[in-house]
Amino acid sequence: MILLTPDIRQALRANACRSAASRARGETFDPRCDARDSLRPAVKFFNPLGAATWLATELYEDGDTLFGLADLGFGCPEMGVFSLMEIESVRLPYGMRIERDEGFYSPHSLSRWAATARRAGSIIHAEQLLRHAAADAAFDLPTDPFQGAAG
């Protein structure tokens, strides 16, 4: 699997440029982790045989350095930079490698992911919590079953 398609690579580079421009203005760049949003994309990589997971939102000019949230499975997800070449070079049993989650989508910002992952101890658990939070918000029923009933 190609971890970064040309379109994803271009979009992550654009995010890096937006981030640099935001910093120059003294602002914070906090993109949503929405792989379907061509304006502010994120990409999720994962170890199919383990807990390591990465959410990348920026690709630096060198074409190798990614910025985002990294979780190697030790219970302490961290924001920072990581190497695409290192991720691509990981060899797993049975000929497997690190993969890109092609169906990844989230309406949450990178900072919310980071805060939730730190509290939960992993990106994997944060994903479950954020998914449940989104479902609860979408399924917001009144506490009184007769509220709004004509009577």
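Couple of notes before you dig in:
- Lone unmet requirement of (1) touching an Asp or Glu at 6+ places or on another chain (Cβ under 6 Å); (2) buried (at least 20 other Cβ atoms within 10 Å of the Cβ) for Ala42: (1)
- Here Asp37 passes the criteria (1) more than 29 Å from Pro93 (Cα to Cα); (2) modelled with pLDDT of 95 or more; (3) within 13 Å of the chain's Cα centre (by Cα) except the one numbered (2).
- Listed by first and then second residue, the pairs with beta-carbon distance under 7 Å, at least 6 apart or on different chains, first residue in region 80-98 and closer than 29 Å to Ala115 by Cβ, second of a type in the set (Lys, Arg) and surrounded by 14 or more Cβ atoms within 10 Å (Cβ to Cβ), are Val90/Arg97.
- So Glu27, is it in a loop (DSSP other than H, G, I, E, B) and farther than 17 Å from Ile124 by Cβ: yes
- Residue match in region 96-110 (condition: at pLDDT 95 or above and either within 25 Å of Arg23 (Cβ to Cβ) or of a type in the set (A, V, I, L, M) (or both)): yes
- Among the residues of region 65-77, those identified as touching a residue at least 12 places away in the same chain (Cβ under 8 Å) and farther than 12 Å from Arg13 by Cβ are Gly68, Leu69, Ala70, Asp71, Leu72, Gly73, Gly75, Cys76, Pro77.
- Matching residues in region 91-101 - criterion: being among the hydrophobic types (A, V, I, L, M, F, W, C) and over 12 Å from Phe45 (Cα atoms): Leu92, Met96
The values are calculated or read from the model by the stated rules, or taken from the named source; none is laboratory data. On a predicted model such as this, the values are computed, not experimentally measured, just so you know. Cβ: placed from backbone, ideal geometry, glycine included. Neighbour counts: every protein chain shown.
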